[in-house]
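Notes to accompany the following structure.
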Amino acid sequence: MAVALNNHNAVNTGGTSSPVTVSFSVTNAGSNRCAVVRIACAAGSIAATSEIYRVTYGGIEMTRVGWTLVETTTNITIMAMFVLANPPTGSNNLQIFFTGTPATTVYTDLTSYTGVDQQTPVRAGSYQAKSIPSNTTLSLTLNSATGDMTTTCTSCTSGGSTVPTTNQTSRSSTNAGATNFTSDDANGAATVTHTWTYGTPGNNEMIFGFSISQPIGPMISAQPQSAQVYEQQTATFSVTAATAGTGLSYQWQDDSSGSFANISGATSSTLSVMAYLPMSGRHYQCVLSDSIGNRTSNAVTLIVVPLGYEEFPNRPRGKSGGMNWGLNSAEWW
């Protein structure tokens, strides 16, 4: 399953109060969808003390995957990108929140992709930013994988048109006030280099991008939770997951040997262990696998409480056989 384009929207806007609101539509085509929002604030339209700190789509918080800016003695240009797995379909409001006065010229580009990993839509460590003034070209190399989709956007002032190389598909291009803003995407590989050529050297030139990840394994909807039980009682851990492939399987591990290793026979979505004092502080995790790949759950901790140990934080201290038996926050019986 490879990442593919679902649909694309673009609009110029601006505002005098935060949030700036734009209406976009996402079609219900395909599965495992992800929305990518690219935002550029035109040079000179935003104060140096203001920045984009939050974006929502359909009232749902989007994740900022990065932002970059170029500031000169006369103006500032900001570019930011946000993602949302499984965005709501139909027409919804995109709201852009600023720490101060919003930019009077904002270019907003929303692209929806299908075949995207719903738990980790952006491949870790694959987004970068550069700010290089007065060049005729900018290039950005992204870490990726076959089946992923890499995406970048670029902006510059007084730079004329921007043209992508042949491996890039241009999604939008506009002149937002004094700023030219362009976005694109390209099929993934081990590494992908995006190069933009500017009509004339400009100022405040920026390029930013990342790789959108295809499903890399089962999607975990409920992580295991740490447990605290009395010794000689059963502690239970569980994980809930779904797969876009076939053959979902589970393998629980613990770190009893100093590093995580498989627990023999622990191959279901639930793990039950009899708790003994030496096991207190031990960690557990589950490795889930399917026909696409594998994913590891969060590691959790087992805390084992000695038998006869109960907490009575407000009970007064007492004596038994001439010895104190009351503790500050607990008692032995």
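The values are calculated or read from the model by the stated rules, or taken from the named source; none is laboratory data. Bear in mind that the values here come from a model prediction, so they are computed numbers and not experimental data. Don't worry about glycine lacking a Cβ; one is built from the backbone with ideal geometry, like all the others, and counts go over all protein chains shown.
For the reader, a short list of remarks on this structure follows.
- Yes/no for residue 62 being modelled with pLDDT of 90 or more and in contact with a strand residue (DSSP E or B) (Cβ under 8 Å, 6 or more places away or on another chain): yes
Table: residues versus (1) at pLDDT 90 or above; (2) hydroxyl-bearing (Ser, Thr, Tyr).
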residue: 40; (1), (2): no, no
residue: 47; (1), (2): no, no
residue: 56; (1), (2): yes, yes
residue: 100; (1), (2): no, no
residue: 108; (1), (2): no, yes
residue: 111; (1), (2): no, yes
residue: 129; (1), (2): no, no
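- Residue, nearest to the chain's Cα centre (by Cα), within segment 242-261, restricted to residues that are under 17 Å from residue 222 (Cβ atoms) and assigned to a loop (DSSP other than H, G, I, E, B): 243
- Lone qualifier among 146, 150 - being under 24 Å from residue 197 (Cβ atoms) and modelled with pLDDT of 80 or more: 150
- Only one of 211, 221, 264 that is surrounded by fewer than 21 Cβ atoms within 10 Å (Cβ to Cβ) and either within 25 Å of the chain's Cα centre (by Cα) or in a strand (DSSP E or B) (or both): 221
- Restricting segment 5-22 to residues that are assigned to a strand (DSSP E or B) and at pLDDT 85 or above leaves a set whose member that is surrounded by the fewest Cβ atoms within 10 Å (Cβ to Cβ) is 21.
- For beta carbons closer than 7 Å, sequence separation of 6+ or different chains, a first residue in segment 242-254 that is without any contact (Cβ under 8 Å) to a residue 60 or more places away in the chain and a second that is basic (Lys, Arg), the qualifying pairs are 254/282.
- Checking segment 313-328 against the condition returns no match, with no residue being over 24 Å from residue 118 (Cβ atoms), surrounded by 14 or more Cβ atoms within 10 Å (Cβ to Cβ) and at pLDDT 95 or above.
- Residue 236 being assigned by TED's automatic domain parsing to the domain that holds residue 304, assigned to a loop (DSSP other than H, G, I, E, B) and more than 30 Å from residue 148 (Cβ to Cβ): no
- Selection of segment 267-297 for residues being surrounded by fewer than 17 Cβ atoms within 10 Å (Cβ to Cβ) and touching a residue at least 60 places away in the same chain (Cβ under 8 Å) yields 293, 294.
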